[in-house]
Amino acid sequence: MLDASEDVMSVITERIEARFQMPLADLRRAVETAPQANPEATTVVHWFGLLAETQSALDAAEDTLVEALGTQPGDVLDDPVMELAHQVNVAVAIRDGRAMVVKYLLDPEAPGKRGPGAWRGAPPEARRGPALPTSAPSLPGTRATTMRGATR
């Protein structure tokens, strides 16, 4: 059975391979050889590399935390162990953020991917007009009233 971190990486790897129709190792070599040939592939490979680095750092932080927890007497954690737990939490947040970036890059239907003002499901004619009325609002008629204490 895969642990959660291996599962995240394997799912994203499968999505990259499906999107570019080649194994990730081949895609990395192709991007390394000719990065300008496919800017989208270059960006995805770059972010996947950042994700893999973060996953490695997370794995190391988790191992260090587990080791420290094994030497901790009682149920109360001391400050150094709490700091290790915090480092794991930060690494998880960074890993999850980078995974979201890769998923976004792989989704051709993601918001903002089809040009400015585009949104999913709207017909082209609906996307051409302004989102808000652009004419000046008409002011309601006002009655002439005298303010109390004012002289005319």
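The values are calculated or read from the model by the stated rules, or taken from the named source; none is laboratory data. Just so we're clear, the structure is a prediction, and the values are computed from it rather than from any experiment. With ideal geometry, Cβ positions are generated from the backbone for all residues, glycine too; neighbour counts draw on all protein chains shown. Surface accessibility is based on the protein's heavy atoms, side chains included, excluding ligands, DNA and RNA. Shrake-Rupley method; radii C 1.70, N 1.55, O 1.52, S 1.80 Å.
Placing 100, 82, 22, 9 in order of accessible area, with the largest value first and a 1.4 Å probe, yields 100, 82, 22, 9. Each Lys and Arg contributes +1 and each Asp and Glu -1, all at the Cβ; summed about the Cα centre of segment 23-74, the dipole is approximately 200 debye. Here the calculated FRET efficiency for residue 7 and residue 90, from their Cβ-Cβ distance with R0 = 25 Å, stands at 0.75, rounded to the nearest 0.05. Note on residue 22 and residue 104: their simple-model spin labels are 2.6 nm apart, each label 7 Å out from Cα toward Cβ.
Each residue, residue 71 and residue 36, gets one label point 7 Å from its Cα in the Cβ direction; the gap between the two is 5.3 nm. Each residue, residue 43 and residue 81, gets one label point 7 Å from its Cα in the Cβ direction; the gap between the two is 4.5 nm.
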